[in-house]
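Each reported figure results from applying straightforward, stated rules to the coordinates on display, with no laboratory input. These figures come from a predicted structure and were not determined experimentally. A quick note on method: Cβ atoms are made from the backbone with ideal geometry, for glycine too, and the neighbour counts reach across all protein chains shown.
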C-alpha cells in the first residue's frame with residue numbers, strides 16, 4: 001500500500017506543469033550557456049592578453065565548477081593582492097557538471113584559456129606594481145599559499161604576514 005502511494009506521488013510530481021516548465025527552462029539555459037561559451041573555440045589567451053594590456057584593461061578570468069576558481073592566482077591571493085586594481089571576469093556557462101560533449105569540451109577550453117591568460121596577466125601585474133603583495137612570495141611555491149595568515153600577526157588589515165618554517169617574511 002505504501003509503495004502504491006509513493007508511486008502515485010512520484011508520477012503526479014513528474015507530470016506536474018511546474019516540473020515540465022523547470023525542465024524546459026533548464027534546457028534553454030544550457031543552450032544559452034553554450035552560445036555564451038562558443039567564443040572559446042577560437043580564443044587565443046596571448047591575443048586577449050596583448051589586447052587587454054594595450055587597452056590598459058586588467059582582469060583575471062574565473063571559471064565555475066563545484067566552486068569558483070581563479071587559475072594561476074587563487075581566491076585568497078586575488079582578494080588580498082589584486083582585487084583593488086584588477087577586475088574578475090567570470091566565464092559564463094562553466095560548470096563541473098557538463099550537459100553534453102560540447103559543453104564538456106568548452107569547459108576544458110575555458111580552464112585552459114583562463115590558466116594561460118591569468119598566468120600572463122599575473123606576471124604583468126607583479127612586474128608593473130598592480131599587486132598589493134610582494135610578487136616574489138605570492139604563488140611561487142604551492143605551500144606558501146596555504147601558510148598565509150591574516151589577523152593577530154598582521155600589522156593592518158591589508159597586510160599579509162607569511163610564515164615559512166617559523167621565519168617571518170614581509
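Here is how the numbers come out for the structure above:
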{"read-out": "Protection-proxy order for peptides 95-106, 47-58, 70-81, each taking the mean of Cβ atoms within 10 Å per residue, highest first", "value": "70-81, 95-106, 47-58"}
{"read-out": "Where labels lie 7 Å past Cα in the beta-carbon direction, separation of residue 41 and residue 57 in nm", "value": "2.2 nm"}
{"read-out": "Over the range 26-133, relative contact order from alpha-carbon pairs under 8 Å, at least 6 apart, %", "value": "39 percent"}
{"read-out": "In nm, spacing of pseudo-spin labels at residue 3 and residue 128 (7 Å Cα→C-beta vector)", "value": "6.9 nm"}
{"read-out": "Cα point-scatterer Debye curve for the range 26-133, base-10 log of I(q)/I(0) at q = 0.13 Å⁻¹", "value": "-0.48"}
